[in-house]
Each structure stands twice: as C-alpha cells, then as structure tokens.
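Okay, so here's the structure we're looking at.
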Amino acid sequence: MCIRDRSTVVLYLAISLAEAGKKVLLIDADLRKSVMTGNFSIPVAVRGMTHFLSGQATMRDVICETDVENLDVIFAGAVAPNPAELLGEKRFAELLKTGREEYDYILIDTPPLGSVIDSAIIAKSCDGAIIVIEAEVISYRFVQEIKAQLEKSNCPILGTVLNKVDVREQKYYNRYYSRKYGRYYGYGKYRKK
C-alpha cells in the first residue's frame, strides 16, 4: 500500500476505525486545496464545509454516507476566499460539539501546518493531533516549529506518521528492525531444532 499524503493517512485511519465498529465522521477541512473528493465516487455536486460554515447549509445537509459502514464524511465544498475566517467562526466549534454526541471519533483532514494558519485554528478545537511527516523532505527544525504551533493551540500531539519512506533504500526499516527483531528474521520459514 502506498500512502501518498496526509489526506490518505487520515482516510485510512477513518476506514480502520469504522471497520473496527466505531462510528466515525471524517471532516475535510482543507478549504483551500481539497483532495478528499478524489477518494470517493460522488455522483452529484455535494455541499460541504464551506456551505455549512457560511450558513448556507445545515450539518445534516453536508454529512455524506459512504459505502464503508460506520463512516460518514463532510467534504470541503466550494473553494472559499476566506477559509481561516470561516474556520475561526463559532459554527465550526458547534459542528464538533454536535458531532461528538453522535460519533465515537471525528477525524479532520487539514491543510499542512506551517503554510497557512487554518490548521492552528482547527487545532484549538481538537482533542489531539497526529503529525504526518514526509521522509527526506521535512526537516527536523520545521517539525519542531509545527510542534510549537500545536502547543500554542493547546492541542496534544498524539503521535507522528513518517510518510513516503523509500524502503528500498532500507535506511529506516532495516536499521530499526535488525536491531530490534534481527534474530527473528526468517520466522516464516521452518527451522529444525
């Protein structure tokens, strides 16, 4: 499986939780450059977050059922000229409050931290964040800046995902596994005692 980006990471996490029997709402809050709709077959134009946040739709109007049992999605909707302003409004906090009553998990796909303020605004309303780091692209210093941004938002960091790792180079994989599990290599083969 090739994990392409942070949106794919959050989508697969949402699917895994839903398949484990949890009721999940996935919110596409990347109001500037959404890619989430490409992961679903959408027969008609759907209303999304921008419609809800601007008062053009209700929460029920923007929740879409998926073919994955227990997984609902709110897509980003039309590109907004003022995403940070919309996300900072009271309606976003109300959406999360109402959603917490109905869903076990609410996962939010956000724009990348550090490039726009949207994610930091969203983080203020979240119970935690997972940082997705692209291997060989994102520097240690930049990750520290992102961490500081989340800490200013009082959003606990639940963990990180190292993404787009080229395992052919065996730079990350073998170093860790050979130290930790090296003596167990070949566990799938029959060995005579």
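Taking first residues from the stretch 21-35 that are closer than 17 Å to Val46 by Cβ and partners that are assigned to a strand (DSSP E or B) and among the aliphatic types (A, V, I, L, M), the Cβ contacts under 6 Å between residues at least 6 apart in sequence or on separate chains come to Leu25/Ile106; Leu26/Val73; Leu26/Leu107; Ile27/Ile74; Ile27/Ile108; Ala29/Ile108. From the set of residues in the stretch 126-139 that are surrounded by 17 or more Cβ atoms within 10 Å (Cβ to Cβ) and touching a residue at least 12 places away in the same chain (Cβ under 8 Å), which is farthest from Thr8 (Cα to Cα)? The residue in question is Cys126. Of all the residues in the stretch 24-70, those that are modelled with pLDDT of 90 or more, part of a loop (DSSP other than H, G, I, E, B) and not hydrophobic (A, V, I, L, M, F, W, C) number 6. Counting the residues of the stretch 86-112 that are touching a Leu at 6+ places or on another chain (Cβ under 8 Å) and hydroxyl-bearing (Ser, Thr, Tyr) gives 2. Residues of the stretch 143-161 that are assigned to a loop (DSSP other than H, G, I, E, B) and touching a Gly at 6+ places or on another chain (Cβ under 8 Å): Cys155, Pro156.
Tell me, please, whether a residue that is assigned to a loop (DSSP other than H, G, I, E, B) and at pLDDT 85 or above can be found in the stretch 162-183. No: the stretch 162-183 contains no residue that is assigned to a loop (DSSP other than H, G, I, E, B) and at pLDDT 85 or above.
Figure legend. Inter-residue proximity from the stretch 70-84: first residues closer than 19 Å to Ser119 by Cβ, second residues among the acidic types (Asp, Glu) and part of a strand (DSSP E or B), beta-carbon distance below 6 Å, spacing 6+ or different chains. Indicated pairs: Phe75/Asp28; Ala76/Asp28.
The values are calculated or read from the model by the stated rules, or taken from the named source; none is laboratory data. For clarity, every value in this text was computed on a predicted model and none was experimentally measured. Please note: Cβ atoms are built from the backbone with ideal geometry, for glycine as well, and neighbour counts cover all protein chains shown.
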